[in-house]
Amino acid sequence: MNFTKIAWRRYCTFISKWFRKKGIKIKTNTKVTKLVVENNKVTKIKLSSEEENVTYLALVAIGVTLATNFLKTTDLKMNEFGAILVNNQFETNKY
């Protein structure tokens, strides 16, 4: 396992623990299906799991999945996450 992968996991663990210590709930692998707004403020969040949360603030973060699987049969160099490797001029190994 390389440093980037280890560092990313440590960062995610650190941030998750920090949020939880602050009383912030983290919901993963779910979708927001409805925001209930009263007086121009979000008061409730309804999730795809049918769960309903009372809130005063909603932060929605969407993860990113690289769509580079079709390039695996090419000669482009990619890292273990599927990101295309480039130099400081953003050129690939096929420039």
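The values are calculated or read from the model by the stated rules, or taken from the named source; none is laboratory data. Values in this document were obtained by computation on a predicted structure and should not be read as measured data. Here the Cβ is made from the backbone with ideal geometry for all residues, glycine too, and neighbour counts use every protein chain on show.
Below is a table of values for the structure above.
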{"quantity": "Boolean, LYS34 is modelled with pLDDT of 80 or more and under 26 Å from ARG9 (Cα atoms)", "calculated": "no"}
{"quantity": "Criterion violated by LYS46 - all others in (1) within 22 Å of the chain's Cα centre (by Cα); (2) in a loop (DSSP other than H, G, I, E, B); (3) charged (D, E, K, R) satisfied", "calculated": "(2)"}
{"quantity": "Check on GLY63, in a loop (DSSP other than H, G, I, E, B), surrounded by 10 or more Cβ atoms within 10 Å (Cβ to Cβ) and modelled with pLDDT under 85", "calculated": "no"}
{"quantity": "Residue satisfying all of: in the range 37-50; surrounded by 10 or more Cβ atoms within 10 Å (Cβ to Cβ) and polar (S, T, N, Q); farthest from THR13 (Cα to Cα) among these", "calculated": "THR43"}
